[in-house]
Amino acid sequence: GQNIDQPTEMTATEGAIVQINCTYQTSGFNGLFWYQQHAGEAPTFLSYNVLDGLEEKGRFSSFLSRSKGYSYLLLKELQMKDSASYLCAVRDGDYKLSFGAGTTVTVRA
Amino acid sequence: GAVVSQHPSWVICKSGTSVKIECRSLDFQATTMFWYRQFPKQSLMLMATSNEGSKATYEQGVEKDKFLINHASLTLSTLTVTSAHPEDSSFYICSAQEPGLAGSDEQFFGPGTRLTVL
């Protein structure tokens, strides 16, 4: 099966920066996604990486290293509304998404 | 972005009854839709892949006779939980795949359906 690991939870202060790491081992690779999920709601798309390097999108950036099976999501200028669960998902060789367990980020004033 | 709707948003039913959940892509055609299940404080687990006009492909451990999937059109897929039991209580989320630029083929998620079986 697929193996996707990310920290369970992180806490940071409003205005700070937080980096969520994700390591993966999958059978085949066709891209890595990051999603944000608030409690009781469906995930919303944040970013997509298929080639190595950094993708920047406003306050959120995502990095991928395929050789290391590693990605991170960087959240800058944290706001209270950023408190949520962040899911790392890898699309495998069959184009199916496998999700990590999610990282709960709590932003404190 | 593309919009995916689900109906109902939440449902409470008695043990032994069947429940149907609809997933619709509102502004695009989705040849492929996916059904996920999420238990509290756990991640999404893929249940099955639904392709328009053909039988669904179920993941290992998911009973195809219990979770009936029908993808009758390019904008609608339905999941029927048959003879529901309390252990089927969960958050069911569908997603629809839209072919994207640079092969991103992003999945757009519906708002989810909270099923509670008494």
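Couple of notes before you dig in:
- Among the candidates A:Gly40, A:Gly28, A:Gly53, residue that is touching a residue at least 24 places away in the same chain (Cβ under 8 Å) and on the phi > 0 side of the Ramachandran plot: A:Gly28
- Selection within the stretch B:22-46 - open to solvent by less than 50 Å² (accessible area, probe 1.4 Å) and closer than 16 Å to A:Asp92 by Cβ: B:Thr32, B:Phe34, B:Tyr36, B:Ser43, B:Leu44, B:Leu46
- Of all residues in the stretch A:97-109, those satisfying the criterion of being buried (at least 20 other Cβ atoms within 10 Å of the Cβ) and within 23 Å of A:Leu54 (Cα to Cα) are A:Leu97, A:Ser98, A:Phe99, A:Gly100, A:Gly102, A:Thr103, A:Val105.
- Some residue of the stretch A:64-75 being open to solvent by less than 30 Å² (accessible area, probe 1.4 Å), within 14 Å of another protein chain (Cβ to nearest Cβ), in contact with a Leu (Cβ under 8 Å, 6 or more places away or on another chain) and of a type in the set (A, V, I, L, M): yes
- Residue in the stretch A:3-29 that is farthest from A:Thr106 (Cα to Cα), counting only those that are of a type in the set (D, E, K, R) and surrounded by 12 or more Cβ atoms within 10 Å (Cβ to Cβ): A:Asp5
- Residue list for the stretch B:56-78, filter: at negative phi, among the small types (Gly, Ala, Ser) and surrounded by fewer than 14 Cβ atoms within 10 Å (Cβ to Cβ): B:Ala72, B:Ser73
- The number of residues in the stretch A:36-63 being facing another protein chain (nearest Cβ under 10 Å) and either among the acidic types (Asp, Glu) or in contact with a helix residue (DSSP H, G or I) (Cβ under 6 Å, 6 or more places away or on another chain) (or both) comes to 1.
- When the stretch A:76-96 is filtered for residues that are open to solvent by 30 Å² or more (accessible area, probe 1.4 Å) and without any contact (Cβ under 8 Å) to a residue 60 or more places away in the chain, the ones remaining, listed by number, are A:Lys76, A:Lys81, A:Ser83, A:Lys96.
- Verdict on B:Ser95 being in contact with a Cys (Cβ under 9 Å, 6 or more places away or on another chain) and either at pLDDT 95 or above or within 21 Å of A:Ser85 (Cα to Cα) (or both): yes
- Matching strands (runs of 3 or more DSSP E) fully within the stretch B:6-118 where at least 3 residues are under 23 Å from A:Leu32 (Cα atoms) and touching a Ser or Thr at 6+ places or on another chain (Cβ under 7 Å): B:32-38, B:45-51, B:90-97, B:107-109
The values are calculated or read from the model by the stated rules, or taken from the named source; none is laboratory data. Keep in mind that this is a model prediction, so the values were computed, not measured. Positions of Cβ are generated from backbone atoms using ideal geometry, with glycine treated the same way; all protein chains shown enter the neighbour counts. Accessible surface is based on the protein model in full, side chains and every heavy atom, while ligands, DNA and RNA are left aside. Shrake-Rupley method; radii C 1.70, N 1.55, O 1.52, S 1.80 Å.
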